[in-house]
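The values are calculated or read from the model by the stated rules, or taken from the named source; none is laboratory data. From a predicted model like this one, the values you see are computed outputs, not experimental measurements. All Cβ positions, even for glycine, are placed from backbone atoms using ideal geometry, and neighbour counts span all protein chains on display.
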């Protein structure tokens, strides 16, 4: 069979008044994996993927830790393959942003501007966005020395000098992972004390590979084809300096993409979708998968796992 040939496992709604079996909001690894499973489970599936589709992997160059690609793969290429696979099994893809949802009605209503979509079930897989510093050179050098994920990219910096920007638990974790590969790790923190837990701080301060620079902010990243140095400013003294580095890991947090769900579904205190039982939410028929609820792992592989779980629970619910 031609690999590009579309396989329709079920018929899709023929009019706007008919409901889709499943509507998936999002288009990262969790969303697209869910779509593969729901379509193959004979459920008509619509993916409302957003204008900037594909999730954080669209901003990633080399992906070396995703199974099945021994030579690695480019992030956008991996996402394109996932999208084609979901579409091959009959999923419909709309590359527009959902503007509002109504989970108080059955079927559920989802709006993209004036266009309404009806759903018997919904899988929320909108992900989370990395908080970036917003300084000159950051966008240009992202993926060329600047990262937000040490478990993903640390092996690229074996024997190199790197910095971690941040002061919470995630920054401590990034720094500790990097010490297994990098020659030196410097934590740049804008305050004079960390927000991280005492246990994490103890592990960091006792690690001889880690140096800490307090009361300091990165004002610019410099480099032509790759990151070469960071420009720093002490926010107490105003003194400026530069640090020659090979890599920078920004670890100042993530923002879950849950703005349109506020007041419509239960969120936790961090703003992530609250999970009741692996992938269930407080609303029957609405499921969740990926970084929009998972702030512990935030990996493509775990997002794929959550997408599979959410889809299987959705099919079971529909049955």
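Taking region 146-187 only, how many residues are outside any helix (DSSP H, G or I) and either on the phi < 0 side of the Ramachandran plot or crowded, with 23+ Cβ neighbours inside 10 Å (or both)?
First, the residues of region 146-187 that are outside any helix (DSSP H, G or I): 146-149, 158-168, 179-187.
Checking which are either on the phi < 0 side of the Ramachandran plot or crowded, with 23+ Cβ neighbours inside 10 Å (or both) leaves us with 146-149, 158, 160-168, 179-187.
Within region 146-187, residues that are outside any helix (DSSP H, G or I) and either on the phi < 0 side of the Ramachandran plot or crowded, with 23+ Cβ neighbours inside 10 Å (or both) number 23.
Considering only residues that are part of a loop (DSSP other than H, G, I, E, B) and surrounded by fewer than 20 Cβ atoms within 10 Å (Cβ to Cβ), look in region 134-145 and name the one that is farthest from the chain's Cα centre (by Cα). That would be 136.
Return yes when residue 111 is in a strand (DSSP E or B) and within 19 Å of residue 314 (Cβ to Cβ) and no when it is not.
Details: in a strand (DSSP E or B): yes; within 19 Å of residue 314 (Cβ to Cβ): no.
So residue 111 fails the test.
Among the candidates 303, 274, the residue that is surrounded by 20 or more Cβ atoms within 10 Å (Cβ to Cβ), assigned by TED's automatic domain parsing to the domain that holds residue 106 and either under 27 Å from the mean Cα position of the chain (by Cα) or farther than 23 Å from residue 105 by Cβ (or both) is uniquely 303. Of the candidates 287, 249, 261, the single residue that is in contact (Cβ under 8 Å) with a residue 40 or more places away in the chain, within 23 Å of the chain's Cα centre (by Cα) and closer than 23 Å to residue 179 by Cβ is 249. In region 292-319, the residue that is nearest to residue 121 (Cα to Cα) out of those that are modelled with pLDDT under 95 and in a loop (DSSP other than H, G, I, E, B) is 319.
All conditions but one from (1) in the same structural domain as residue 275 (by TED's automatic domain parsing); (2) crowded, with 18+ Cβ neighbours inside 10 Å; (3) more than 19 Å from the chain's Cα centre (by Cα) apply to residue 124; the one that does not is (3).
Listed here are the residues, each with its yes/no results for (1) assigned to a loop (DSSP other than H, G, I, E, B); (2) more than 15 Å from the chain's Cα centre (by Cα); (3) at pLDDT below 95; (4) surrounded by fewer than 21 Cβ atoms within 10 Å (Cβ to Cβ).
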{"residue": "13", "(1), (2), (3), (4)": "yes, yes, yes, yes"}
{"residue": "23", "(1), (2), (3), (4)": "no, yes, no, no"}
{"residue": "27", "(1), (2), (3), (4)": "yes, no, no, no"}
{"residue": "36", "(1), (2), (3), (4)": "no, yes, no, no"}
{"residue": "39", "(1), (2), (3), (4)": "no, yes, no, no"}
{"residue": "51", "(1), (2), (3), (4)": "yes, yes, yes, yes"}
{"residue": "80", "(1), (2), (3), (4)": "no, yes, no, yes"}
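Checking the condition surrounded by 17 or more Cβ atoms within 10 Å (Cβ to Cβ), touching a strand residue (DSSP E or B) at 6+ places or on another chain (Cβ under 9 Å) and either over 26 Å from residue 124 (Cβ atoms) or outside the structural domain of residue 169 (by TED's automatic domain parsing) (or both), which residue from 210, 244 passes?
Details: 244 fails: surrounded by 17 or more Cβ atoms within 10 Å (Cβ to Cβ).
It is 210.
Within region 227-238, is there a residue that is surrounded by fewer than 16 Cβ atoms within 10 Å (Cβ to Cβ), in contact with a strand residue (DSSP E or B) (Cβ under 7 Å, 6 or more places away or on another chain) and in a strand (DSSP E or B)?
Within region 227-238, the subset surrounded by fewer than 16 Cβ atoms within 10 Å (Cβ to Cβ) is 234-238.
Now narrow it down to the ones that are in contact with a strand residue (DSSP E or B) (Cβ under 7 Å, 6 or more places away or on another chain): 234-235.
Right, trim to in a strand (DSSP E or B) and you get 234.
Yes, region 227-238 contains at least one residue that is surrounded by fewer than 16 Cβ atoms within 10 Å (Cβ to Cβ), in contact with a strand residue (DSSP E or B) (Cβ under 7 Å, 6 or more places away or on another chain) and in a strand (DSSP E or B).
With respect to residue 263, is the statement that it is assigned by TED's automatic domain parsing to the domain that holds residue 54, surrounded by fewer than 16 Cβ atoms within 10 Å (Cβ to Cβ) and in a loop (DSSP other than H, G, I, E, B) true?
yes
Applying the set (1) within 17 Å of the chain's Cα centre (by Cα); (2) buried (at least 16 other Cβ atoms within 10 Å of the Cβ); (3) closer than 27 Å to residue 101 by Cα to residue 75 leaves exactly one unmet item: (3). Only residues that are within 17 Å of residue 170 (Cα to Cα), part of a loop (DSSP other than H, G, I, E, B) and over 25 Å from the mean Cα position of the chain (by Cα) were counted across region 191-205, and they come to 2.
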